[in-house]
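These notes are about the structure you will find just below.
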Amino acid sequence: MKSCRIHITGASGAGVTSLGRALANALAIPHHDTDDFFWQPTTPPYQKIREPADRLRLMREMFLPRAEWALSGSLAGWGDAIIPAFDLVVFLTTPREIRLQRLRAREAVRYGADAVAAGGWRHKETEEFIAWASNYEDGDLASRSLSMHEAWLAALPCPVLRLDGSRVLSELVVECVAELGQRGRSGLSP
């Protein structure tokens, strides 16, 4: 059986994690997210960054040796050591307005609408996060940006499937499964 190791990446709010979960479910393979390795567990989450060597060690312990998995998120610049494991990279692009709407909705669900609203305990952090995410299309190679991702994608040794993350999730899953079927993943048909 051929391996099926898929990395789904793109801007924050592009739908990367949603597609990763849905694709893993459709293929009956494990799903992992780079945030689970990048960040140390804290309450509230996303407060303390884990050292790169520890991230890679955990990934090797948790799933990298397996023949099948889906990994969502961004690891450009710190996870390049695992690039040879990828069979396919899916790159989602989603218009900024849609991404920011999704991120605001996600923050409200995660922390509570009152917490992220003006005067809420999480408002400042939410606005800083939204400001950071809004710079994706205009950022440079030094930060998580479209130009950084394009340079990273251009150097990959595996195929890259580019999809519009504003499309219906089920359609994106079908397109990914069809791509994998064309690439000979055992048990799949386009």
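What the table shows:
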item	result
Packing-based ranking, highest mean first, of 2-13, 98-109 given that Cβ atoms within 10 Å are counted	2-13, 98-109
Derived scalar couplings ³J(HN,Hα) [the stretch 129-146; Karplus, 6.51 cos²θ - 1.76 cosθ + 1.60; whole Hz; x for Gly, Pro]	5, 4, 4, 4, 5, 6, 8, 4, 5, 9, x, 9, 5, 7, 10, 5, 8, 4
Rg(Cα) / (2.2 N^0.38 Å) computed for the chain, rounded to two decimals	1.04
Rg(Cα)/(2.2 N^0.38 Å) for the stretch 65-133, N = residue count	1.49
The stretch 1-79: equivalent-ellipsoid semi-axes (sqrt of 5 x gyration tensor eigenvalues, Cα, Å)	21, 16, 11
Of all accessible heavy-atom area on the chain, the percent that carbon and sulfur account for (1.4 Å)	54
Per residue accessible area of the stretch 116-190, 1.4 Å probe, in Å²	56
Accessible-area value, Met148, 1.4 Å probe, nucleic acids and ligands omitted, Å²	30
Alpha-carbon Rg with Dmax, taken over the stretch 123-166, Å	13.2, 41
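The values are calculated or read from the model by the stated rules, or taken from the named source; none is laboratory data. Everything numeric here is computed off the predicted structure, so don't read it as measured data. Note: ideal-geometry Cβ built from the backbone for every residue, glycine included; neighbour counts use all protein chains shown. Areas reflect the complete protein model, heavy atoms only, side chains present, ligands, DNA and RNA absent. Shrake-Rupley method; radii C 1.70, N 1.55, O 1.52, S 1.80 Å.
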